[in-house]
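**Q** Sharing a structure here in structure tokens format.
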Amino acid sequence: MKTIIRTLGITACLMIWGLLNSFTSAEPQTSGLQEQLLGHWTIQSFKLDGLELKSNLVANSSLQLNLISAKQGSFHWEIVYQDGTRENNVGTYEIDEQKAQLILQSAKGDRLSFEVQVKDQAMNLKGTLDHERYEIVAKKD
């Protein structure tokens, strides 16, 4: 009888552990770079082919990165121009840890791949789209 109770006790503990483990493993696990990129970023510098657009053409710009899965998320990139018009870009992004890349795929179909460096609360992005070189510096809010 004691053996049955002990066996059932161990079985019950294993079932509870398995149940708890299934709840926690359903949450996406973030990587180091993914964890650093999550959140709201204010663009400090926005260069296109070496020409600074921030304060010349662009008044404000921000980028929000949200988590969907371990290596994918959604983004919202807002650009406010000096004349007050706004451009909102939304879509998904992927992280390539080995290449230290952030790949944005807009809802319009544009795909922009950035080399990414994050240090403390600062992010540097460098990439090319349609033969134009983008260099962006952002600060995490």
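**Q** Are any residues in the stretch 80-95 surrounded by 14 or more Cβ atoms within 10 Å (Cβ to Cβ), closer than 21 Å to Gly50 by Cα and of a type outside the set (Val, Ile, Thr), and if so, which ones?
**A** Matches in the stretch 80-95: Tyr81 only.
**Q** Considering only residues of the stretch 96-127 that are assigned to a loop (DSSP other than H, G, I, E, B) and polar (S, T, N, Q), which is surrounded by the most Cβ atoms within 10 Å (Cβ to Cβ)?
**A** The residue in question is Gln121.
No lab work stands behind these numbers, since they all come straight from the coordinates. What you see is a predicted model; the values in this text were computed from it and never measured. Neighbour counts run over all protein chains shown; Cβ positions are idealised from the backbone, glycine included.
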